[in-house]
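Asker: Please find one structure pasted underneath; my questions will follow.
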Amino acid sequence: MSTTNTNQQESVIAQWATLPQAERVPFLQQHAHLLTTDFFNELKDEATRHIWRDTDHALALAESIVEAAEKITRHPVHRALGLMAIANVYAFGKGHFARALGLYRAAVEACIEGNDHTYRINALIAQVYVLGMLGRYDEALEIGEGVRRMAKSHNDWVTFVRASNNMAIACQRKGDTATALEIYNEIVAMLEGQTSFRSEDERTFHTEQRFRTYLNRSNALRDMDRFHEALDSVFKALEIANTLSGSIPRGKAFDSIGITYFFLGRYNDALHYFQKARDAFQEANAERDYIVEELFATQCWLALNAWDDVIHSAQAILERCATFDAGYEFEMAVAHLYRAQALRAQGALDAAQTDVARAIDLLTQLDNTRWLAVAWKTQAQLALESNDLPNALHFAQQAMHIFENQQLPVEYAQTALVYAEALERRGNIEEARRTYRDVATMAEAEGLDWLAIPALHGLGRCACAEQDSENARTFFESAITRIEEMRTTLALGLRATFLSDKLAVFEDAIRLALQQNNPLETFYLVERARARAMLDLFATQTDETPIKALDENDRAIVENINTLREQLRWVQQHLAHNIGLDYRDTFTEERRQQWQAEARTLEQRIATLIRELEVRNAAYRQQPLFATVERDIPDLPPHTNLIEYFTVDGVLHACVVQPGGHIEIRQLAPLKAYQKLLARWRLQLNYTTHEFVHHRDVAHTTPQIQRLLARFYDLLLRPLQDTFASAQRLYIVPHGPTYYVPFSAMYDSETNTYLVERTAVSRLPSAAILRILQERRKQLVYTYTSQVLAYSLQGALPYVHREAALIADMLQADLYIEDEATSDALGREPRPVRHIAAHGIVRSDAPQFSSITLADGDLTALDLTMMSIPTGLLVLSACESGLGVVHPGDEFMGLSSAALHAGVQSMLISLWRISDESTFTLMQTFYEHLLKGSSPAEALAAVQREAIAHPQFAHPFYWAAFTAMGDAFQPLL
């Protein structure tokens, strides 16, 4: 063909691709002299290229090819090329494999009718791919092998490579990875040996096939647990992808890198590359690839113990897959298995078993033995959860047999851990230990810390069972060290959930330290397991916020987050402004509900984007952000003790640290006894609050309140009272549900006194955080006066103005009232005191959005983590400002923890709804003591003692809600 004709064809095709659909066939009619078979093939290739950019546009182009063949040339081969173009869109762009198969078969028939061998072979090769995706592996391999024999006999490397790649994919989906890898290696050898090309198109095809083969080879290597070889192969694929047009090749490479990093336990890197893959697929409008990418991210959330995220994501994947005609059975089976594992972790065993059964049905239809083995492993885990040891062993052995035969050592090792634990529970310690040792050896050799951790933990338990304390300690410490190393690579927001299923390692190590009567080791281990994500947050310093782009490409995410935050503030302002409206008005109530729903939607979008940005930022950093826990004892002044609570085997314990470094460990009551008492306390507190709200005297509830507070004292303090008898100050580090009770108000029924009558109290998230606060205090210089903010919520809180004016006058502080009381007014200046009198909102569903309502909207816990407000004392004079949510590992999330990170040294917070009148009186007296030189905790204690002596305010309801937190034993004024 002459250069002139080629240029003309390229020009016509380029114009055709940009025309409206109705004009395409008439346009081709005008150029009927060009409509040869080769030209129709060029049209098909152009439509196929658009699949990677816009599948809908590609489909429209493909349909116009068929229409042109039927209306203009009436040639069966031309029609076959159009049918193949449409099939390509359904197969590679939309994932409708059954529809694609029918179109490819129709194309084969049309090629036979037109006596065209070349394009018939092309259609057959495409059938190999879709048959494999439909789970019809034998048909796929039979057709593929026939095409390969023909290609070899004609020395046709192009056809051989195409057929081989599709055959290898079918082998992988069937679970025969070893055969797939053999095929890929054969293709690589052929491609790398091919250096001469008949045309530029053939050169382009060669590049595309090199990309595809290196990518698929990487997947096969990863499936065989040869992870570092897999990374070498996929980065080679990414290098080639960057030379190709469209974003889908990069997305495919990012996806494979993410999966490999996942298996290496580099979860943050995995999530980072999964997001890059989703971005690439979204850019190309590749819907199917985007959805499947969600499945890989779900696997990562599963490893991070983010159970709710897994269940939500799996359900969304199942619903989306159900909209396709066929070809998604495998993805649906995997989604069922992932959801089953999350449900198992949440204790919903029946629901989990239902999901496993559905997965097994689908995988049996697909004849996918590898993933059937994964399903059997999940069944073994469910049986183990129910202590059904015979079935746990049976299903584990079935799965291990498959994994061994298919040469999948990591999957084998994962299942062997289940098998070993069942043996351990049955008392077969020797065999269990051998199995754990084999897994640990393999995991350490491959650098798979995530796999080594449970194996080392199992070895430690076996050593304990055989009274081998030294080896047990060594194994536990090795497991904990690996946990801490893995944790540091994660985004800060992911660390708490990651640790949640690994706390058992710490608990077993703590139990061993207790048995060995080693108080220092016990205290050190308790601290290593406590509030680590919060401690790491402190290590970031206050200039490091979640909303910070470390890469130029992420600025759009930051801008999106900030825009959503502004929208949320606008909604919050309107909700606050209308707080006094009569909600019996239907329109007003409907509007309020709409705003609340809009606020929740905005919150979810903000939280999702911040997590995405945190993941990206953690992936960019060369040095991870983390804080270490020191082995030494906190530096406590005279007459100051620290009590830190923890649980072992369902029983509360306490570490009591005394000045000079002496540590006492005491066993307390079962945690269940405390939880029952807490439930009774909440009921009584709710009743007392109800009485108060309805203007009834609450004095008649005093006996019931005191009995409950006395019971708290008996459970949590009486067994320890000899250790702090001379203490004038107590730091309390709560554990789990003990966060929700007022330690100052615990009642000693033997002396008829509250704890606060002899000891001032301040709470801490951990002893390690006290050290940080003490160091930070040395650097704090107050360059501004104190500050008071008051917002009455449109007059709903009448006492706040009076309270604020009084305190501002007492402290000679800057005063901001109503419209001036904004989050911006807080500034960044170091101030001795910041006092906020406003309405507080606790959000147990989303603790990062617990808030104080100001004139410009809600000041949330999330906002505080992104602020720097160096402050000696922050007083949150608002309802329930001290409440939040306690996650596993005593990760407390709420306003108080966020404020400490923002630069606050000490706080005054409340645990329940409080009386405006009693708060006014309490605050006035509190500041009087503060001005006389008392520390915040001691000033509060003095106020509470005076309230106890005052008949009007003697009931704990009026004074016990407030508690000090942080480094609160240092005078400020």
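Asker: Any idea which residue in the stretch 151-177 is least open to solvent (accessible area, probe 1.4 Å), counting only those that are on the phi < 0 side of the Ramachandran plot and in contact (Cβ under 8 Å) with a residue 60 or more places away in the chain?
Answerer: That would be THR177.
Asker: Given the condition touching a helix residue (DSSP H, G or I) at 6+ places or on another chain (Cβ under 7 Å) and within 19 Å of ILE121 (Cα to Cα), answer yes or no: does some residue in the stretch 49-63 qualify?
Answerer: Checking the stretch 49-63: not a single residue is touching a helix residue (DSSP H, G or I) at 6+ places or on another chain (Cβ under 7 Å) and within 19 Å of ILE121 (Cα to Cα).
Asker: Could you please give the count of residues in the stretch 462-479 that are touching a helix residue (DSSP H, G or I) at 6+ places or on another chain (Cβ under 6 Å) and open to solvent by less than 50 Å² (accessible area, probe 1.4 Å)?
Answerer: Residues meeting the conditions: 7.
Asker: For residues in the stretch 795-813 being in a helix (DSSP H, G or I) and of a type in the set (Gly, Ala, Ser), which is surrounded by the most Cβ atoms within 10 Å (Cβ to Cβ)?
Answerer: Restricting to residues being in a helix (DSSP H, G or I) and of a type in the set (Gly, Ala, Ser), the top hit is ALA804.
Asker: Pairs only if they're at least six apart or on different chains, beta carbon under 7 angstrom, first in the stretch 180-206 and free of Cβ contacts under 8 Å to residues at least 24 places away in the same chain, second part of a helix (DSSP H, G or I) and open to solvent by 40 Å² or more (accessible area, probe 1.4 Å); list them, first residue then second.
Answerer: Filtered contacts from the stretch 180-206: PHE197/ARG203.
Asker: Do we find that ALA968 is within 20 Å of MET746 (Cα to Cα) and surrounded by fewer than 22 Cβ atoms within 10 Å (Cβ to Cβ) in this structure?
Answerer: The answer is no for ALA968.
Asker: Between ALA314, ALA237, ALA241, ALA284, which is in contact (Cβ under 8 Å) with a residue 24 or more places away in the chain, under 27 Å from ARG358 (Cβ atoms) and surrounded by 22 or more Cβ atoms within 10 Å (Cβ to Cβ)?
Answerer: Matching residue, one of ALA314, ALA237, ALA241, ALA284: ALA314.
Condition check ((1) assigned to a helix (DSSP H, G or I); (2) at pLDDT 95 or above; (3) in contact with a Phe, Trp or Tyr (Cβ under 7 Å, 6 or more places away or on another chain)) across all residues:
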site: PHE395; (1), (2), (3): yes, yes, yes
site: GLU411; (1), (2), (3): yes, no, yes
site: GLU424; (1), (2), (3): yes, yes, no
site: ALA432; (1), (2), (3): yes, yes, no
site: THR435; (1), (2), (3): yes, yes, yes
site: THR441; (1), (2), (3): yes, yes, no
site: GLY458; (1), (2), (3): yes, yes, yes
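Asker: Within the group ARG105, ARG148, ARG74, ARG79, which residue is free of Cβ contacts under 8 Å to residues at least 40 places away in the same chain, surrounded by 24 or more Cβ atoms within 10 Å (Cβ to Cβ) and not polar (S, T, N, Q)?
Answerer: ARG79
Asker: Follow-up question, since we're still on this one. Please work out which residue is nearest to ALA91 (Cα to Cα), limiting yourself to the stretch 22-40 and to residues that are open to solvent by less than 30 Å² (accessible area, probe 1.4 Å) and part of a helix (DSSP H, G or I).
Answerer: If we take residues in the stretch 22-40 being open to solvent by less than 30 Å² (accessible area, probe 1.4 Å) and part of a helix (DSSP H, G or I), then PHE40 is nearest to ALA91 (Cα to Cα).
Asker: If you don't mind, another one. Being open to solvent by less than 30 Å² (accessible area, probe 1.4 Å), in a loop (DSSP other than H, G, I, E, B) and hydroxyl-bearing (Ser, Thr, Tyr), is that true of even one residue in the stretch 337-344?
Answerer: Among the residues of the stretch 337-344, not one is open to solvent by less than 30 Å² (accessible area, probe 1.4 Å), in a loop (DSSP other than H, G, I, E, B) and hydroxyl-bearing (Ser, Thr, Tyr), which makes the answer no.
Asker: For residues that are open to solvent by 40 Å² or more (accessible area, probe 1.4 Å) and touching a Leu at 6+ places or on another chain (Cβ under 7 Å), scanning just the stretch 121-145, find the one that is nearest to ARG173 (Cα to Cα).
Answerer: Among those that are open to solvent by 40 Å² or more (accessible area, probe 1.4 Å) and touching a Leu at 6+ places or on another chain (Cβ under 7 Å), it is GLU139.
Asker: Further question: Name the residues in the stretch 690-727 that are over 19 Å from LEU652 (Cα atoms) and crowded, with 19+ Cβ neighbours inside 10 Å, would you?
Answerer: Those that are over 19 Å from LEU652 (Cα atoms) and crowded, with 19+ Cβ neighbours inside 10 Å: PHE692, THR701, ILE705, ALA727.
Asker: It is to be established whether one or more residues within the stretch 642-661 are in a loop (DSSP other than H, G, I, E, B), open to solvent by 60 Å² or more (accessible area, probe 1.4 Å) and not hydrophobic (A, V, I, L, M, F, W, C).
Answerer: Looking through the stretch 642-661, at least one residue is in a loop (DSSP other than H, G, I, E, B), open to solvent by 60 Å² or more (accessible area, probe 1.4 Å) and not hydrophobic (A, V, I, L, M, F, W, C).
Asker: Another question, then. When the residues of the stretch 194-214 are narrowed to those that are in a loop (DSSP other than H, G, I, E, B), open to solvent by less than 60 Å² (accessible area, probe 1.4 Å) and not hydrophobic (A, V, I, L, M, F, W, C), which ends up nearest to ALA373 (Cα to Cα)?
Answerer: Looking at the filtered set, the residue picked out is GLN194.
Asker: Assess whether THR118 counts as being of a type in the set (Val, Ile, Thr), assigned to a helix (DSSP H, G or I), in contact (Cβ under 8 Å) with a residue 12 or more places away in the chain and open to solvent by 10 Å² or more (accessible area, probe 1.4 Å).
Answerer: No; evaluated as a whole, the condition is false for this residue.
The values are calculated or read from the model by the stated rules, or taken from the named source; none is laboratory data. Please read all numbers here as calculations on a predicted model, not as lab measurements. Note that we place each Cβ from the backbone using ideal geometry, even for glycine, and neighbour counts take in every protein chain shown. To get the accessible areas, we keep the full protein, side chains included, count just its heavy atoms, and leave off ligands, DNA and RNA. Shrake-Rupley method; radii C 1.70, N 1.55, O 1.52, S 1.80 Å.
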